[in-house]
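Here's the structure, in structure tokens; my notes come after.
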Amino acid sequence: MKFDLERIKAIPIATVASDLGFVLSPKGAGRCRFPGHPDQRPSFSLRPASNGFNCFGCQRSGSVIDLVMAMNSIDFAPACRWLNDNYLSGNGALSRSRAPRLKSTETLPVSVQPSSHRVDPEIYGWILDQSPLTESGRSYLQRRAFSAETIAHFQIGQIGDRATLWRSAIATFGMARLDGAGLVIEGRYGPLLCFPSQYLLFPFLQDGSVVYLQARRTDDQKQYRWFCPAKILPPPFNLDALGKPGPTITVCEGITDVLSAHELGMLPIGLLGATRELEPQIIDCLIGRNVAIFTDADPAGRGLAKRLRDRLAARGISVVTKNLPPEANDLNDYLRSRRGIT
Ligand SMILES: [Zn+2]
């Protein structure tokens, strides 16, 4: 696949930053949201003249492509693909961000190399098997109003001792394969499993195999809230819902909202991170059903809902955008208020 790099670089960075969840002042300044930079004071700003950005806190800077790479820890080519698919291609494009077409002599085609990292369901499944949910994880999930049925249905696990698991994983699979599966980070004292001790483990299940994992911390601290395999884009969460009978599929943002929607009796799938897109094969599975969209009540959520609505409508799929009561920020807030948990 080839990209029109100049067109991609001309996609307005303010729009992309907003869609990625940055909340910026009219001048384009605000808190950095890059993974690993818990920004206490606003140190991030856009550079309108160059359509770029700069963060004084974590020292990252660059183009709209670098912004997407940093936000989702992905390589150059997947970031270009994401920008192209979301803003420049056919039905999915946002008309407001459509850049003027350049003459063909001005284009810089880029060939996409397949990423050296790939999903490894055998390792992900093995990690889940080694990581049974413990009392701290279970009580966190109960505080979020999730029942034992929901906890079991999603096969939620919990990392035990990271160092023990790491040694055992190295002995079983070897470093090269663990690294290829995106599971290795460079720690202070050498390479390390990317999932910390005690973090909850959410498997992305598809026909019985674990195609991705996300780990989340079990307290309410904001720093390092979640970890995913490096350089591999998350697929939608709970795609198994598409195989279940029911007139309506609900699309929501993130894992917690999927669990909440399941708890409320819906058939939900969840979009995560910067890849918040539905692939054509998934859209095919939605034909003949109704789709309800629950997204966060922020600019990024509204942008996502609009993009999805347009893409699905183009395939003749009817879409209802659902709004939560104003006091609820997300589906989990709503679930907890219904269950009387504050
Ligand atoms: Zn930063």
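Just to be sure I understand: of the beta bridges DSSP finds with both ends in the chain, what percent are antiparallel, rounded to 5?
If we restrict to bridges inside the chain, about 70 percent are antiparallel.
Just to verify a number: FRET efficiency for PHE76 and ARG188, C-beta to C-beta distance, R0 = 35 Å, to 0.05?
0.80
If you place +1 on the Cβ of every Lys and Arg, -1 on the Cβ of every Asp and Glu, and leave all else neutral, what size is the dipole of region 121-227 about its Cα centre, to the nearest 20 Debye?
Dipole of region 121-227, to the nearest 20 debye: 360 debye.
Among SER50, LEU324, GLY36, whose Cα sits farthest toward the positive end of the charge dipole of the chain (+1 at Cβ of Lys/Arg, -1 at Cβ of Asp/Glu, about the Cα centre)?
Of the listed residues, the answer is SER50.
Under the 0.36 nm per residue contour assumption, what length would be gained going from the current alpha-carbon distance of GLN223 and CYS58 to full extension?
Difference between extended and current length: 58.0 nm.
If only Cα atoms are counted, what is the Rg of the chain, and what is its Dmax, in Å?
So, for the chain, Rg and Dmax equal 20.3, 62 Å respectively.
Of the accessible area of region 2-99, with the probe set at 1.4 angstrom, what percent is carbon plus sulfur?
Carbon and sulfur: 50 percent of the exposed surface of region 2-99.
For the modelled label position 7 Å from the Cα of ILE341 along Cα-to-Cβ, which residues of region 142-156 have backbone nitrogen atoms closer than 15 Å?
Residues passing the 15 Å test: 142-154, 156.
For region 239-338, give the percent of accessible area contributed by carbon and sulfur heavy atoms, probe 1.4 Å, rounded to a whole number.
51 percent
Carbon-plus-sulfur fraction of the accessible area of region 121-227, 1.4 Å probe, in percent?
Result for region 121-227: 50 percent of the exposed heavy-atom area is carbon or sulfur.
Have a look at PRO12, LEU205, LEU133 and report the one farthest towards the positive end of the charge dipole of the chain, computed about the Cα centre with Cβ charges (Lys/Arg +1, Asp/Glu -1).
PRO12
Keeping every protein chain present and rolling a 1.4 Å probe, give me the accessible area per residue for the chain in Å².
Computed with neighbouring chains in place, this is 48 Å² per residue.
List the DSSP H helices in the chain whose Cα atoms stretch 27 Å or more along the helix axis and whose mean Kyte-Doolittle hydropathy is at least 0.5.
The answer is none, since no helix passes both cut-offs.
How much length is gained on full extension from ASP310 to GLN130, taking 0.36 nm per residue of separation minus their Cα-Cα distance?
60.6 nm
Taking the simple approach of a point 7 Å from Cα along Cα-to-Cβ for both ALA29 and SER168, what is their distance in nm?
Output for this residue pair reads 5.1 nm.
How much length, in nm to one decimal, is gained on full extension between ASN323 and ASP66, taken as 0.36 nm per residue of separation minus their Cα-Cα distance?
Difference between extended and current length: 89.2 nm.
Assuming R0 = 22 Å, can you tell me the calculated FRET efficiency for the pair THR248 and ARG143, based on Cβ-Cβ distance, to the nearest 0.05?
So, using R0 = 22 Å, E works out to roughly 0.20.
Along the Cα-to-Cβ line of ASP240, 7 Å from the Cα, sits a label point; which residues in region 202-228 have backbone N less than 18 Å from it?
Output list for this probe position: 202-215.
The values are calculated or read from the model by the stated rules, or taken from the named source; none is laboratory data. Bear in mind that the values here come from a model prediction, so they are computed numbers and not experimental data. Every residue, glycine as well, gets a Cβ built from its backbone with ideal geometry; the counts of neighbours run over all protein chains shown. Just so you know, the surface numbers come from the protein's heavy atoms only, side chains and all, with ligands and any DNA or RNA stripped out. Shrake-Rupley method; radii C 1.70, N 1.55, O 1.52, S 1.80 Å.
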